[in-house]
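I have placed the structure first, in the form of structure tokens, so that the comments after it can refer back to it.
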Amino acid sequence: MTAAVFDLDGTLVDTEPRSRMLWTRLFEEHGAPHDPALIASFAGRRGREVLAELIHLFPGRTAEELFARVVSYEHGPDLPPVGPVPGAVELVGALRDAGVPLAVATSGTRGYAEGLLEELGVRALFDAVVTADDVTAGKPHPEAFLAACRLVGTAPGRAVGFEDAPAGVAAVKAAGMTCVGVTTTQSAAALAAADHVVADLKELHVLPGPALRVPGG
């Protein structure tokens, strides 16, 4: 392993309950039909792109204004707190101590991603952060993961990507990377395309080499 690239939401930070609340609020505010499966379809993808696909549910609105509205909800007082996915901070620190270049590839915006990484206290450990603002195509397109590998100077075939959403797993595999799926927000079946699937990041251990030990791997 010559590099590790992490998704952010649901992989490093437990933000999915908050994200689902925000998207649900948008649909309810506009009287747009929705169900849990539709809300879950936003996981791992750029919000603007999903909204563009669903714009027919919001007559007279644009994807850009709807996305801005969702962002405005992020400052509400009633949002559930966020914290690290179990084992996330420890794994990132162990990889850094082993000399592994680290990057983030997220569907979130630059300000959002940087803020969460600072809140976790791990921003300084990452060599690169690729956000929705840095790519032309969002996940499941591999652009973000390919850009992350390029920025840390490694070939995708020798890098490991960590993801919690099907769109993210598809992006990691399309980039030619080894994928570890984390079932913090999705079932193991939903992440079956990953090379390894774990419950959380506590199950992973950094070995000399450096390499990762994965249960059952």
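The values are calculated or read from the model by the stated rules, or taken from the named source; none is laboratory data. Quick caveat, the model's predicted, so the values are computed rather than measured. Glycine also receives a Cβ, built like all others from the backbone with ideal geometry; neighbour counts cover every protein chain displayed. Areas reflect the complete protein model, heavy atoms only, side chains present, ligands, DNA and RNA absent. Shrake-Rupley method; radii C 1.70, N 1.55, O 1.52, S 1.80 Å.
Within segment 108-121, is there a residue that is modelled with pLDDT of 95 or more, out of contact with any Phe, Trp or Tyr (no Cβ under 8 Å at 6 or more places or on another chain) and part of a loop (DSSP other than H, G, I, E, B)?
No, there is no match, as no residue in segment 108-121 is modelled with pLDDT of 95 or more, out of contact with any Phe, Trp or Tyr (no Cβ under 8 Å at 6 or more places or on another chain) and part of a loop (DSSP other than H, G, I, E, B).
For segment 136-182, which positions are open to solvent by 40 Å² or more (accessible area, probe 1.4 Å) and β-branched (Val, Ile, Thr)?
Residues satisfying the conditions are 136, 178.
Quick check: anything in segment 84-95 touching a residue at least 60 places away in the same chain (Cβ under 8 Å) and of a type in the set (Val, Ile, Thr)?
For segment 84-95, residues touching a residue at least 60 places away in the same chain (Cβ under 8 Å) and of a type in the set (Val, Ile, Thr): present.
Could you pull out every one of the helices (runs of 4 or more DSSP H) wholly within segment 15-84 that has 3 or more residues that are over 21 Å from the mean Cα position of the chain (by Cα) and farther than 26 Å from residue 135 by Cα?
16-29
Of the residues that sit in segment 49-68 and are buried (at least 16 other Cβ atoms within 10 Å of the Cβ) and in contact with a helix residue (DSSP H, G or I) (Cβ under 7 Å, 6 or more places away or on another chain), which one is farthest from residue 161 (Cα to Cα)?
By that ranking, first place goes to 58.
So which pairs qualify, if the first residue must be in segment 135-159 and at positive phi, the second must be at pLDDT below 95, the Cβ gap must be under 8 Å, and the two must be at least 6 apart or on different chains?
Within 8 Å, no pair qualifies.
Anything in segment 123-135 that is at pLDDT below 95 and surrounded by 18 or more Cβ atoms within 10 Å (Cβ to Cβ)? List them, or say none.
Across segment 123-135, the qualifying residue is only 132.
Considering each residue of segment 94-105, count those that are in a loop (DSSP other than H, G, I, E, B) and either modelled with pLDDT under 95 or open to solvent by 40 Å² or more (accessible area, probe 1.4 Å) (or both), and give that number.
2
So, in segment 4-55, how many residues would count as being of a type in the set (D, E, K, R) and farther than 16 Å from residue 84 by Cα?
Final tally of qualifying residues: 10.
Could you check segment 144-160 and list, in sequence order, the residues that are out of contact with any helix residue (DSSP H, G or I) (no Cβ under 8 Å at 6 or more places or on another chain) and not in a strand (DSSP E or B)?
148, 150, 151, 152, 153, 154, 157, 158
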